[in-house]
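Notes to accompany the following structure.
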Amino acid sequence: MVSQRITITINQARLSIIQGDITHQTTTALVNAANPGLMGGGGVDGAIHRAGGPAILEECKQIISRQGRLPTGEAVITTGGNLKARYVIHTVGPIWHGGNKGEARLLASAYEQSLKLAAANQVDSISFPSISTGIYSYPVREAARIAISTITAFLRQTTPLREVVLVLFDPKTFNAYSSALQESEQ
């Protein structure tokens, strides 16, 4: 159930902010805030792996055996398994270390690489969680500004993406992203 939704249009694409459960989204792809080992974990990562079933983990194991651990700021794509989404794009956001260790650049890269991978796979709609703001402790307000600015810059380019949804788990995070979106429009 979606209690609140804010939507703006950028270059014929919709950017929406909702409060809800990302595993219930019907977009073509979901973004997973993964750990470098891609083996599932807590938070969004665990929820996506549980809801999507073993097919996601099997593809993650194949990726790890081919290329090793996923570097922070990079992204890979797998099946959506049992999810409504066709694909899961796994990205590793930065762990917050006070803001002086390149965290902002790495967080922007996690969003941008996920969007580029979606476009390369002709994905027309994608849902993101709030990357790095759970156990990785990134301050939500700063993360929201980076997410909004990165996504809006990407949507201003030519892209097959027609819908980007930021799916935020709780009211505090929803409000932070709502504020960041309003600031970006001024």
Could you check how many residues of the stretch 39-66 are more than 23 Å from Q122 (Cβ to Cβ) and out of contact with any Asp or Glu (no Cβ under 8 Å at 6 or more places or on another chain)?
18
Going through G53, G73 one at a time, which residue ends up being closer than 19 Å to K116 by Cβ and in contact (Cβ under 8 Å) with a residue 24 or more places away in the chain?
G73
In the stretch 107-122, the residues that are over 23 Å from N175 (Cα atoms), in contact with a Pro (Cβ under 7 Å, 6 or more places away or on another chain) and surrounded by 15 or more Cβ atoms within 10 Å (Cβ to Cβ):
A119
Those residues of the stretch 29-65 which are under 28 Å from S179 (Cβ atoms), in a loop (DSSP other than H, G, I, E, B) and touching a strand residue (DSSP E or B) at 6+ places or on another chain (Cβ under 9 Å), in sequence order
A34
Over the stretch 100-138, the set of residues charged (D, E, K, R) and outside any helix (DSSP H, G or I) is K101, D124
Where residues in the stretch 76-97 are over 22 Å from T28 (Cα atoms) and touching a residue at least 24 places away in the same chain (Cβ under 8 Å), which of them is surrounded by the most Cβ atoms within 10 Å (Cβ to Cβ)?
P94
Return the residue satisfying two criteria in turn: it lies in the stretch 151-175 and is assigned to a helix (DSSP H, G or I) and surrounded by 20 or more Cβ atoms within 10 Å (Cβ to Cβ), and of such residues it is nearest to the chain's Cα centre (by Cα).
I151
Looking at (1) farther than 19 Å from Y177 by Cβ; (2) crowded, with 24+ Cβ neighbours inside 10 Å; (3) not charged (D, E, K, R), find the lone condition where N100 falls short.
(2)
Filter the stretch 1-25 for residues that are more than 21 Å from E59 (Cβ to Cβ), among the hydroxyl-bearing types (S, T, Y) and in contact (Cβ under 8 Å) with a residue 40 or more places away in the chain and give the result.
S16
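FYI, it's all coordinate maths here, none of it is from the lab. In this text, all values refer to a predicted model and were calculated from it rather than measured experimentally. Cβ sites come from the backbone with ideal geometry, for glycine too, and all protein chains shown count toward neighbours.
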